[in-house]
Amino acid sequence: MSQSPIIIRNLTNPAVDIIQARWCQSFFSRLRGFTFRSSLNKDEGLVLVEARDSRLDTSIHMFFVWTDLAIAWVNSDNEVVDTALARAWRPFYAPSQPARYVIEFHPERHGELRTGDQISFDHV
């Protein structure tokens with residue numbers, strides 16, 4: 001699995017704490033996501049990476065995900081285009097606008113990344 005570590009920063013609101021995430025570009029790492037996980041740390045996340053901006057390709061499911069997740073969809077310009085609080089075991093979430101990246105992170109942090117925010121992905 002290709003899951004290299006990265007740091008996600010909110011450039012629009014630098015007061016927001018960073019998210020330490022794994023960069024999931026391979027099919028299998030994106031497929032696995034947070035399935036079969038019952039909890040995660042407050043600063044932990046994943047970035048599911050697609051080849052291009054798309055609503056369909058960046059839709060997610062929550063089957064076999066045993067915890068709620070905060071979701072931020074980000075386009076190729078690193079702009080947040082939509083967010084959601086994804087509930088465990090729900091069948092389908094899709095962004096309202098095309099996105100290339102799906103950030104999945106701790107549900108208590110929902111609202112820290114907002115539509116229009118510019119973010120950076122810093123590979124470590």
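FYI, it's all coordinate maths here, none of it is from the lab. Model, not experiment: these values are computed from the prediction. Positions of Cβ are backbone-derived with ideal geometry, glycine not excepted, and every protein chain shown enters the neighbour counts.
Points worth noting:
- Each residue in region 79-124 was checked for being in contact (Cβ under 8 Å) with a residue 60 or more places away in the chain and not charged (D, E, K, R), and 11 pass.
- Only residues that are among the hydrophobic types (A, V, I, L, M, F, W, C), outside any loop (DSSP other than H, G, I, E, B) and surrounded by fewer than 18 Cβ atoms within 10 Å (Cβ to Cβ) were counted in region 24-48, giving 3.
- If the condition is being over 19 Å from Thr83 (Cβ atoms) and more than 13 Å from the chain's Cα centre (by Cα), then region 1-28 contributes Met1, Ser2, Gln3, Ser4, Pro5, Ser26, Phe27, Phe28.
- Condition broken by Glu108, with the remaining ones in (1) among the charged types (D, E, K, R); (2) in a strand (DSSP E or B); (3) within 19 Å of Pro14 (Cα to Cα) satisfied: (2)
- Annotation note: Cβ proximity below 7 Å between a residue of region 39-59 that is closer than 26 Å to Ile18 by Cβ and touching a residue at least 24 places away in the same chain (Cβ under 8 Å) and a residue that is of a type in the set (Ser, Thr, Tyr) and exposed (fewer than 15 other Cβ atoms within 10 Å of the Cβ) (sequence gap 6+ or interchain) occurs for Asp53/Ser76.
- Residues in region 65-87 that are surrounded by 15 or more Cβ atoms within 10 Å (Cβ to Cβ), of a type outside the set (A, V, I, L, M) and over 11 Å from Asp117 (Cβ atoms): Thr67, Asp68, Trp73, Asn75, Asp82.
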